[in-house]
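Accompanying notes for the structure given below.
Nothing in this text is a laboratory measurement; each read-out follows from the coordinates by a stated rule. These numbers were taken from a predicted model, which means no experiment stands behind them. Here the Cβ positions follow ideal geometry from the backbone for every residue, glycine too, while neighbour counts run over all protein chains shown.
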Amino acid sequence: MKLHKFLLTISSVTLISLLYVHQQTEIVRLAYVGEKKTVVFQELLDKNSILRYNIGRSVSLVQLGSKISGSANYEMPGTYRLVKLVPSRAVSRAGAGTREKGSFLARFFSVKTQAEAKTLNP
Amino acid sequence: MFIVFIIFLLFCIARLLFIQFFRSKYLSSIAKKQHSLFVELEPRRGTIYDINLKPQAVNIPVDSVYATPKETKDADKPNIIKQLAPILKVDSSYLKDKLYRNKSFVWLARKISPEQSEAIKKLKLKGVNFIKETKRCYPNTYLASQVIGFAGLDNVGLEGLERFCDKYLKGEAGFALFFRDARQKKLDIWEDMIAPRDGYDIVLTIDEFVQYVAERELDKAYKTYHAKGGSIIVMDPHTGAILALANRPGYDLNEYAQASKDQMRNRAVCDLFEPGSVFKIVTAAAALEEKRVREEDKFFCENGEYRIGRHTLHDHDPYGTLTFREIIENSSNIGTVKIAQMLGPDIVYRYIKLFGFGSKLGVDMPGEISGIIREPRLWSKISIAAVPIGQEVAATDIQLIAAMSVIANGGQLMKPYIIQEIKDKHGEVIKEFAPVMIRKSISLDTAARLRKILTGVVEEGTGKMAKIEGFTAAGKTGTAQKLEDNGTYSHSKFVASFVGFAPAEDPQIAIVVTLDEPHPVYYGGVVAAPVFRNVAADTLRHLRAESNN
C-alpha cells in the first residue's frame, strides 16, 4: 500500500513536471511564432505608412502646383464657374418615382417600355 | 572510505550553503543579464496637422544601417565597402574607417531611404544589419517651413513649432525587459514593461490651401522684384487665428541641413522694420476716436513741403488742401503729421500702445519680439513729424496685422495664434486654444468709419492694385525707407508693404505683405498690393466654397 502511494506520488509529480516543462516550451515556441508574426505585421504597417506618406506627398498642393504651374496659370475658380453635379433632392425623388411607376405598370400590364431585342443570326 | 564520503558530502553541503547565502544575489544577476534584454521603447512623435487635419509633419519608419566589425571577417570588408559606398552615396574611405575599427557596433548610415534599404537588403552582406527608427518627414516640403521648423536625427525639435512644442510632440519613452533564448535572440515575452507614451498631435490654425496660395504669390513677387526677403500673414481678424504665414527666402524642411540661418528665420515674427505709411492708421484711429476730426475736415498740405525745425517733410505728390479722408487715401505725410500735431505726442503714443505696438502680443511661436516704441518723454522735437508716419518706430508683421484686424473686427485687439488644439493619439483634446481678446482698442463706430476710409484707399487711393474682382477690400500701402549704416534714410533701400482686409463690409481675412528691398520698383502699392489681391481673391473663394460645402 505504501509502495503504491509512493509510486502514485512520484507519477503525479513527474506528470506535473512534464506538464510544466511542456508549458514552458510551448510559451517559447509561441514566442517565436509571435515574433515572426510581429515582424511581418510591423513590416506591413511600415509599408502602409510609407505608402500613405507617398500618396499624401503626391497629392499635396506643392506637387500639384509645381506640375500645373508649368503648363497653366491655376487659380481658385469663382463661384459662378463652379457646377454642382449632385442632383437636388426634389429632382432625384421625382426621377426615382417615375422609374418605379414605369416599371410597376410595365410589370402589371406586361407592357415593356422598350422594344425587346432578339438575335436573329446567332 | 565512508569517512571520505562523509567529508565530501559535508564539503558539498557547505559549498551549496555558501552559494545559497553569499553568492546567490551575484549569480542570479548574471543569469538575469543572460536571459533578459532591456529595450527602450521609442515613443511615436506627434503629428502636426493643418486646420483640415492634413498632415504637415509626420513620422515614417525607416532603416538605419549598422555594422559589427569585430564579428566581420577582414576578407569580407573590402567587398562590403565596394558594394555599400555607391548605395549610401558615401566615400569608400568613410566606410573603411568605420569597418576597420575594433568595435562590436558602428553606425554606417542613419535613417536611409526605403529604396536604399531594399538595395542593401538584396546584397545580404554578412555583418551589416538594420535597426528600425522613425524619421520626421514633411510632405509639403517648403510650405510654412519657418513656422513648422524641423526635428533632428534623434527626433528632437530643433526649430519652429517642432522646438516650441517639443514637450508635447516628443512623448515619453517606455522600456521592456524581454526574455532571450540561448542564442541571445529576443523572444516576444517580456518580464516587465512600461509602455511608451506617444507624443501628442498638434492641430494648427493654418489652412494648407491658403498657405499654398500665400507662398505662391509671395514667391512670385519675391522673384519678380529681386527682393532681399519677404513675408505674408493671412489671419482671421475676428479670432486672431493665423490661416497662413510665409517668409522668403524659404527652405525645404526635408533638406534642412542645407538651409542657412537666414532661410530659417521667421521674419514675420522676428524681424523689425520701420512700418512707414501703414502706421498712419493709428494716427487716423486716434483722431477719430478722440473726436478731433471728421472725415470731411480739411487740412492744408503745404503743396508738398513742410518744415518742422530743421527738418523738411515731403509728400510724394504736392497736395494743396485735402480732407481727412483724402489724407489717408493719398497717404499724405504732411496731412498726417498735422493731425498728429493737433493730437499731441501723448495721445499718439497711447493709441500706438492700444494697437499693440511696442509689446509682445504673446503669439504661440518662438522668437517673437516686442518692437521699438519710445515713450513721449524720450521723443525729439521732430519725433511728432516722424512717429505718426511710421518712422522712429519699429514693428513686426504680426503686430501690423493685429493692428489692422482691430479696424476689421470692430475695435478689438485679438491675440494672434497658430495652434488650434493639442490632441492625443485617440483624438481626445488635451489642450484647446480659444481666441483671446487683449483689449478693446477703439469703438465700433470709429472702426466702421476707418473701414470706409481704408476702402477708399483701395478704390481711389494708393492701393488701387489691391482691388479684388468680385469682392470689396480695404487697406493701407506703405513704402518705408530703410536706415543706412550712418543713420540716414536710404534713397535706394525700401520696405514695400500692404496691410488690408476683405471683404471690406464684412471682413473675413486680414493680410499683411512686406517685401524687403524690392527693385527696380519699390512702392507698396505696386509691389505688395497685387500680392494681397491675388491671395485674398483665392482665399475668399476657397472659404466661400468650403462654407457652401
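Miscellaneous remarks
- About its Cα centre, chain B has a charge dipole of approximately 2500 debye under the convention of +1 per Lys or Arg Cβ and -1 per Asp or Glu Cβ, with nothing else charged.
- When peptides B:282-293, A:38-49, B:121-132 are ranked by their average number of other Cβ atoms within 10 Å per residue, the highest-first order is B:282-293, B:121-132, A:38-49.
- Only one residue of A:Ser66, B:Phe357, B:Val527 has its Cα farthest out toward the positive end of the dipole of the protein assembly as shown, where Lys and Arg carry +1 and Asp and Glu -1 on Cβ, and that residue is A:Ser66.
- Partners for B:Lys132 among aspartates and glutamates (Cα-Cα distance below 14 Å; same-chain residues under 8 apart left out): A:Glu43, A:Asp46, B:Glu40, B:Glu42, B:Asp63, B:Glu118, B:Asp154
- Positive-end residue of A:Ile27, B:Ser405, B:Ile419, charge dipole of the protein assembly as shown with Cβ unit charges: A:Ile27
- Between region B:112-179 and region B:295-356, the alpha-carbon center distance in angstrom: 56 Å
- Computed about its Cα centre, the charge dipole of the protein assembly as shown is approximately 3000 debye, with only Lys, Arg, Asp and Glu carrying charge at their Cβ.
- Bridging of B:Lys280 to lysines at a Cα separation below 16 Å is possible for B:Lys338, B:Lys353, B:Lys452, B:Lys476, once same-chain residues fewer than 8 apart are set aside.
- For the residue pairs A:Lys47/B:Lys121; A:Lys36/B:Lys73; B:Lys33/B:Lys73; B:Lys360/B:Lys440; A:Lys47/B:Lys122; A:Lys47/B:Lys111, the C-alpha atoms sit more than 20 angstrom apart in A:Lys36/B:Lys73; B:Lys33/B:Lys73.
- Charge dipole (the protein assembly as shown, unit charges on Cβ, about Cα centre) - positive-most of B:Val436, B:Tyr49, B:Asn486: B:Tyr49
- Most tightly packed first, judged by the mean number of other beta-carbon atoms within 10 Å of their residues, the peptides B:140-151, B:507-518, B:415-426, B:479-490 read B:507-518, B:140-151, B:415-426, B:479-490.
- Evaluated with a Cβ-only charge set (Lys, Arg +1; Asp, Glu -1), region A:2-74 carries a dipole of roughly 100 debye about its Cα centre, given to the nearest 20.
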